[in-house]
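For reference, the structure is listed below as structure tokens.
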Amino acid sequence: MFAPLTVVIAVAALALALWCGLAARGDQPTKDWHFIGMAVVTLLTTVQLVVGVVQLARGQRPEQGTVIFVGYLLGAFACVPAAGFLSLAERTRWGSVTVAAAGVVLAVLQLRLYDIWGG
């Protein structure tokens, strides 16, 4: 895995979590600028997905198994977009809470991906 990208994604996910958490604390739903933040984080996870697939195609293998690595990679890729869609359905502060929780989950998934790869 490309460790600097993993760190950037984890930091961006935590920043998104903090941002949406502050919106939830202020009793606000997710706004357009939150969705821009989610798009940036999703773009980063898309790059990570491509990098992971390319490394697997080149014959590099994670220490803890390819299947579990791909599962976590896909989960990390889908985490924030799924929360974004849920926040559209819940146009209250709880939509912001959902995205904040997804940001924390994505940061934890990044740690786990790094560990699975053998970091």
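The values are calculated or read from the model by the stated rules, or taken from the named source; none is laboratory data. As the structure is a computational prediction, the values presented were derived from the model and not from experiment. Positions of Cβ are generated from backbone atoms using ideal geometry, with glycine treated the same way; all protein chains shown enter the neighbour counts. Keep in mind that these areas ignore ligands, DNA and RNA; they rest on the heavy atoms of the full protein, side chains included. Shrake-Rupley method; radii C 1.70, N 1.55, O 1.52, S 1.80 Å.
Can you report the number of residues in region 72-100 which are of a type outside the set (A, V, I, L, M), assigned to a helix (DSSP H, G or I), open to solvent by 50 Å² or more (accessible area, probe 1.4 Å) and touching a helix residue (DSSP H, G or I) at 6+ places or on another chain (Cβ under 8 Å)?
Of the residues in region 72-100, the ones of a type outside the set (A, V, I, L, M) are 72, 75, 77, 79, 81, 84-85, 87, 90-96, 98.
Retained after the next criterion (residues that are assigned to a helix (DSSP H, G or I)): 72, 75, 77, 79, 81, 84-85, 87, 93-96, 98.
Restricting the remaining residues to those that are open to solvent by 50 Å² or more (accessible area, probe 1.4 Å) gives 72, 77, 85, 93-94.
If we keep only those that are touching a helix residue (DSSP H, G or I) at 6+ places or on another chain (Cβ under 8 Å) too, we end up with 72, 77, 93-94.
Qualifying residue count, region 72-100: 4.
So how many residues does region 55-73 have that are within 13 Å of Tyr114 (Cβ to Cβ) and of a type in the set (D, E, K, R)?
Residues flagged as within 13 Å of Tyr114 (Cβ to Cβ) and of a type in the set (D, E, K, R) within region 55-73 amount to 1.
For region 32-74, which residues satisfy the criterion of being within 19 Å of the chain's Cα centre (by Cα) and of a type in the set (D, E, K, R)?
Passing the criteria: only Asp32.
In the list Val7, Val11, which residue meets the criterion of being of a type in the set (Val, Ile, Thr) and under 12 Å from Gly103 (Cβ atoms)?
When all the criteria are applied, what remains is Val11.
Might you check whether a residue that is closer than 16 Å to Arg91 by Cα and modelled with pLDDT of 95 or more occurs anywhere in region 6-17? Spell out how you get there, then give the answer.
First, pick out the residues of region 6-17 that are closer than 16 Å to Arg91 by Cα: none.
No, because not a single residue in region 6-17 is closer than 16 Å to Arg91 by Cα and modelled with pLDDT of 95 or more.
Mind listing whichever residues of region 1-58 are β-branched (Val, Ile, Thr) and open to solvent by less than 60 Å² (accessible area, probe 1.4 Å)?
Within region 1-58, the first condition is being β-branched (Val, Ile, Thr), and the residues that meet it are 6-9, 11, 30, 36, 40-42, 45-47, 50-51, 53-54.
Passing the criteria: Thr6, Ile9, Thr30, Val41, Thr42, Thr45, Thr46, Val51.
Which residue pairs have Cβ atoms under 8 Å apart, sit 6 or more places apart or on different chains, and have a first residue in region 1-23 that is under 12 Å from Val80 (Cβ atoms) and a second that is of a type in the set (Gly, Ala, Ser) and open to solvent by 20 Å² or more (accessible area, probe 1.4 Å)?
Ala17/Ala101
Under 9 Å between Cβ atoms, at least 6 apart or on separate chains: pull out the pairs that start in region 59-78 with a residue that is under 22 Å from Ala12 (Cβ atoms) and end on any residue that is basic (Lys, Arg).
From region 59-78, the pairs are Phe69/Arg61; Tyr72/Arg112; Ala76/Arg112.
For Val67, work out the one condition from (1) exposed (fewer than 12 other Cβ atoms within 10 Å of the Cβ); (2) touching a Gly at 6+ places or on another chain (Cβ under 6 Å) it doesn't fulfil.
Of (1) exposed (fewer than 12 other Cβ atoms within 10 Å of the Cβ); (2) touching a Gly at 6+ places or on another chain (Cβ under 6 Å), only one is false for Val67: (2).
Looking at Gln64, Gln55, Gln60, can you tell me which residue is in contact with a helix residue (DSSP H, G or I) (Cβ under 8 Å, 6 or more places away or on another chain) and of a type in the set (S, T, N, Q)?
Being in contact with a helix residue (DSSP H, G or I) (Cβ under 8 Å, 6 or more places away or on another chain) and of a type in the set (S, T, N, Q) holds for just one of Gln64, Gln55, Gln60, which is Gln64.
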